[in-house]
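Since the structure comes first, as structure tokens, the remarks are kept for the end.
A short reminder: the numbers here are calculations on the coordinates, not readings from a lab. This is a predicted model, so every value here is computed, not measured. Backbone-built Cβ (ideal geometry, glycine too); neighbour counts: all protein chains shown.
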Amino acid sequence: MLRPKGDGALLARELLARKVANKRKRFAPLNVLWMGMRDKTENPGELLQGTLDLLILKALAKEAMHGYGVAEWIHESSQDVLRVEEGALYPALHRLELKGLLSSEWGTSDNNRRAKYYALTTAGRKRLVEETEYWRRMSGAVARVLQTA
């Protein structure tokens, strides 16, 4: 039996909604990626994969910000060590919003431009606490390994 085109689009949206709902139920820990030994000048400020979500959640812990503000906060808070590129930041913001960890609304930036402002949801605040604890455990373990003779 042939289905009208509209039914396929509706089915696809329903499947996507279910998939997003199922992901919200699971806690996915941050991934740790070994970057290898490199010259520090090769990629200065390169961000380890898997930490971006945590940094975004932390940036939004005190107040809502637009994407550029999040990137600037991370850069300044890391004392100019970490720099988040737009190509990584905006997909991450969108992904966190789909997971229900962020909410967003359109507003006007300081320079009178239209900007999307992101804020933590209750689930986002809970995830920030969980991810922070996980990161502290993992970074502590790495520090202990580096201290061994």
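Give region 106-138 a look and list any residue that's without any contact (Cβ under 8 Å) to a residue 24 or more places away in the chain and either at positive phi or part of a strand (DSSP E or B) (or both), or say none.
Correct list: Trp106, Thr108, Asn112, Arg114.
When residues of region 71-105 are filtered for being of a type outside the set (Gly, Ala, Ser) and part of a loop (DSSP other than H, G, I, E, B), how many remain? Before the answer, list the steps.
Our first condition is that a residue be of a type outside the set (Gly, Ala, Ser); within region 71-105, this holds for 72-76, 79-86, 89-91, 93-99, 101-102, 105.
Adding the requirement that they be part of a loop (DSSP other than H, G, I, E, B) leaves 79-85, 99, 101.
Selection size over region 71-105: 9.
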